[in-house]
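First up is the structure itself, then whatever we jot down about it.
The values are calculated or read from the model by the stated rules, or taken from the named source; none is laboratory data. As the structure is a computational prediction, the values presented were derived from the model and not from experiment. Glycine also receives a Cβ, built like all others from the backbone with ideal geometry; neighbour counts cover every protein chain displayed.
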Amino acid sequence: MKIRGSAILALVVSLLFMTPSGAAANQTVSGEGNATVALSSITKSSIIEISMSAAGPVVATPVLRNGGKAFPWVDSTGPWSGTVFQEKEFKPIIGAKVETTGPWTVTVKPLASASRVTSGSTSMVIQLKKATRGVVTKKFTYSGEGDFKVFPISGRGMSGFPLVEETGAYSGRVVLPPGTKYIAVTATGNWRMS
């Protein structure tokens, strides 16, 4: 059987643009008010970027394929905007349930797209220049009034125990576990890592 050059080219192009199964390719859904929307199956640790512009209670929760319970990505007071870490679940995430009275957007991104910053004013997933080796100490300061949490995440997308779990202003040093490549910060005010 002969295969023409154009057929081979089409096959190569389609393979180059295929997303590996379960990869967290950028995908965005948006709407207004309460809604449950479908997402392409998420089977890897990812970053979830969320923006909800309404005042008042705002909640965004992953929907699991088996209908099981999942921890909310956001359960706060709006307006709210930031990024949160979604660790790989035993069952794929197939949607998002959003509870708010105004416009909202949810974007799924690969973990490797995390920002390389050392400060912010909201919840963020950040990326270190390289994974930690041995004992690495970082200082965190927070000037907000709400919850402040800091979680280490390995290069493979596995989260560790919280390094900081406080409410209100905070200043202190933490030891990052070996292999930490990303950090998930939960915050409602200004924070800094140094």
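Determine the pairs where a residue that is part of a loop (DSSP other than H, G, I, E, B), located within the range 167-184, has a partner that is β-branched (Val, Ile, Thr) with Cβ atoms under 7 Å apart, the partner being 6 or more residues away or on another chain.
Note: pairs meeting the criteria are Pro178/Thr132; Gly179/Thr132.
If you check Ile48, Ile8, which single one turns out to be at pLDDT below 95, hydrophobic (A, V, I, L, M, F, W, C) and outside the structural domain of Ile153 (by TED's automatic domain parsing)?
Ile8
Give me the residue from the range 131-162 that is polar (S, T, N, Q) and not in a strand (DSSP E or B) and, out of that set, farthest from the chain's Cα centre (by Cα).
Checking each candidate, the answer is Ser143.
Is there a residue in the range 103-112 that is within 14 Å of the chain's Cα centre (by Cα) and free of Cβ contacts under 8 Å to residues at least 60 places away in the same chain?
Within the range 103-112 (the criterion being within 14 Å of the chain's Cα centre (by Cα) and free of Cβ contacts under 8 Å to residues at least 60 places away in the same chain), the answer is yes, since at least one residue qualifies.
Being farther than 23 Å from Met52 by Cβ, out of contact with any His (no Cβ under 9 Å at 6 or more places or on another chain) and touching a residue at least 40 places away in the same chain (Cβ under 8 Å) narrows it down to one of Phe151, Phe140, Phe161, so name that one.
Going through Phe151, Phe140, Phe161 in turn, just one is farther than 23 Å from Met52 by Cβ, out of contact with any His (no Cβ under 9 Å at 6 or more places or on another chain) and touching a residue at least 40 places away in the same chain (Cβ under 8 Å): Phe140.
Mind listing just one residue for me: the one in the range 47-88 that is outside any strand (DSSP E or B) and in contact with a strand residue (DSSP E or B) (Cβ under 6 Å, 6 or more places away or on another chain) and, of those, nearest to Pro110 (Cα to Cα)?
Looking at residues that are outside any strand (DSSP E or B) and in contact with a strand residue (DSSP E or B) (Cβ under 6 Å, 6 or more places away or on another chain), I get Glu87.
Please enumerate the residues belonging to the range 51-61 that are surrounded by fewer than 21 Cβ atoms within 10 Å (Cβ to Cβ) and under 16 Å from the mean Cα position of the chain (by Cα).
Once the filter is applied, which keeps residues that are surrounded by fewer than 21 Cβ atoms within 10 Å (Cβ to Cβ) and under 16 Å from the mean Cα position of the chain (by Cα), the range 51-61 yields Ser51, Val59, Thr61.
Please specify each residue of the range 131-143 satisfying the condition of being modelled with pLDDT of 95 or more and loosely packed, with under 14 Cβ neighbours inside 10 Å.
Hits for the range 131-143 are Thr137, Lys139.
Within the range 152-163, does at least one residue satisfy the condition of being polar (S, T, N, Q), closer than 22 Å to Ala70 by Cα and not assigned by TED's automatic domain parsing to the domain that holds Gly56?
The answer is yes; a qualifying residue exists.
Thr122 versus (1) assigned by TED's automatic domain parsing to the domain that holds Gly146; (2) in a strand (DSSP E or B): which is the lone unmet condition?
Just one mismatch for Thr122, condition (2).
What pairs come up if the first residue lies in the range 30-42 and is surrounded by 13 or more Cβ atoms within 10 Å (Cβ to Cβ), the second is of a type in the set (Gly, Ala, Ser) and part of a strand (DSSP E or B), and their beta carbons are under 7 Å apart, counting only those six or more places apart or on different chains?
Val37/Gly31; Val37/Gly95; Val37/Ala96; Leu39/Gly95; Leu39/Ala96
Which numbered condition in (1) loosely packed, with under 15 Cβ neighbours inside 10 Å; (2) in contact with a Ser or Thr (Cβ under 6 Å, 6 or more places away or on another chain); (3) not assigned by TED's automatic domain parsing to the domain that holds Leu39 is the only one that Pro72 fails?
Only one criterion in (1) loosely packed, with under 15 Cβ neighbours inside 10 Å; (2) in contact with a Ser or Thr (Cβ under 6 Å, 6 or more places away or on another chain); (3) not assigned by TED's automatic domain parsing to the domain that holds Leu39 is unmet by Pro72, namely (3).
Going by the structure shown, is Thr101 surrounded by fewer than 18 Cβ atoms within 10 Å (Cβ to Cβ) and assigned by TED's automatic domain parsing to the domain that holds Lys44?
Judged against the criteria, Thr101 is a match.
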